[in-house]
């Protein structure tokens with residue numbers, strides 16, 4: 001095997017601490033060809049679909065990739081903007097804002113960048129860029145507040161796969177979840193409170209999280225429990241009673257049972273139960289994307305109003321709002337404890353001089 005290194009390694013390069021922010025990913029364009037490429041990478045991940053590979057290969061390539069790309073492309077076109085995919089530009093904005101916030105404390109010792117688990121920019125390419133810029137200590141922050149093997153676990157898989165091919169491994173710290181971190185809970189609660197201050201309240205507040213197969217919970221995945229804990233802590237911050245809100249799960253796929261109750265079924269039933277107005281928030285998503293803007297903001301809005309609902313409000317994700325960036329900065333600073341101690345220019349020059357004296361070329 002040929003291991004990844006650097007052809008221009010410089011012994012005098014100052015060592016840096018890197019913060020790699022990651023999210024799920026997005027197609028390059030809202031077009032059938034781009035969706036087919038993206039979905040093939042996404043749905044072939046065994047963390048995402050735990051079906052024996054031979055059988056799943058036939059289903060994926062023989063059925064799903066022949067039908068779903070066209071439908072998904074149409075959905076993406078509804079949310080695509082001049083800046084491109086919402087998930088992509090929101091994640092970029094978050095990384096840039098986090099870099100600005102952290103540099104106020106750590107200066108040039110720190111490098112913040114972002115990558116996507118699927119699609120571009122990829123984890124391997126971004127990591128190589130960070131290493132080339134001197135990153136020797138790496139903190140990875142997947143923007144999934146609640147841990148799931150299909151998201152956070154898959155991100156670690158991609159990172160580990162890259163590390164098996166890398167000549168020099170950076171020291172590594174990995175944030176597996178922050179579902180109950182006080183700063184994150186405060187940011188979510190403030191977002192809801194601020195929205196309600198401007199738009200008023202509704203009959204019910206619905207916390208909608210991305211779903212996953214029920215058997216993942218039965219086999220020990222903590223995602224379901226962490227979603228409920230996030231909700232409970234946010235509700236306590238807002239002073240809500242249990243009758244004021246609900247927890248549901250969206251985006252199910254296939255015929256197997258997923259985490260219940262389902263968001264779409266719940267919204268369809270609400271008007272018949274006398275609930276005429278609802279506000280929906282999605283604390284499992286750090287950035288607005290197809291699942292929030294189209295699935296919640298349009299598709300599920302239709303289910304609710306078609307069933308007789310009168311007012312449907314979607315409360316946007318935290319995105320790059322100052323409160324969210326402050327929360328992420330707090331989480332990162334805690335995780336970086338003891339790390340940012342980069343060498344000064346004189347120390348780097350001395351290191352290079354010693355290396356050259358021992359025969360190094362650079």
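Can you name the condition, by its number, that residue 113 falls short on among (1) assigned to a helix (DSSP H, G or I); (2) closer than 28 Å to residue 9 by Cα?
Every condition holds for residue 113 apart from (1).
Consider region 255-313. How many of its residues are part of a loop (DSSP other than H, G, I, E, B) and closer than 20 Å to residue 213 by Cα?
10
Can you find a residue that is in the same structural domain as residue 151 (by TED's automatic domain parsing), over 22 Å from the mean Cα position of the chain (by Cα) and either modelled with pLDDT under 95 or over 28 Å from residue 295 (Cα atoms) (or both) anywhere in region 70-90?
The answer is no; no qualifying residue exists.
Looking at 111, 51, can you tell me which residue is more than 29 Å from residue 333 (Cα to Cα) and either without any contact (Cβ under 8 Å) to a residue 24 or more places away in the chain or in contact with a helix residue (DSSP H, G or I) (Cβ under 8 Å, 6 or more places away or on another chain) (or both)?
51
Please state which of the following conditions residue 169 fails to meet, knowing it meets all the rest: (1) surrounded by 13 or more Cβ atoms within 10 Å (Cβ to Cβ); (2) part of a loop (DSSP other than H, G, I, E, B).
Going through the list (1) surrounded by 13 or more Cβ atoms within 10 Å (Cβ to Cβ); (2) part of a loop (DSSP other than H, G, I, E, B), residue 169 breaks only (1).
Which of the residues belonging to region 18-38 are out of contact with any helix residue (DSSP H, G or I) (no Cβ under 6 Å at 6 or more places or on another chain) and either part of a helix (DSSP H, G or I) or farther than 19 Å from residue 151 by Cα (or both)?
Listed by number, the residues that qualify are 29, 33, 34, 37, 38.
Among the residues in region 57-68, are any out of contact with any strand residue (DSSP E or B) (no Cβ under 7 Å at 6 or more places or on another chain), surrounded by fewer than 17 Cβ atoms within 10 Å (Cβ to Cβ) and modelled with pLDDT under 95?
Checked against the condition, which is being out of contact with any strand residue (DSSP E or B) (no Cβ under 7 Å at 6 or more places or on another chain), surrounded by fewer than 17 Cβ atoms within 10 Å (Cβ to Cβ) and modelled with pLDDT under 95, region 57-68 yields no hits at all.
The values are calculated or read from the model by the stated rules, or taken from the named source; none is laboratory data. All values derive from a computational prediction rather than experimental measurement. A quick note on method: Cβ atoms are made from the backbone with ideal geometry, for glycine too, and the neighbour counts reach across all protein chains shown.
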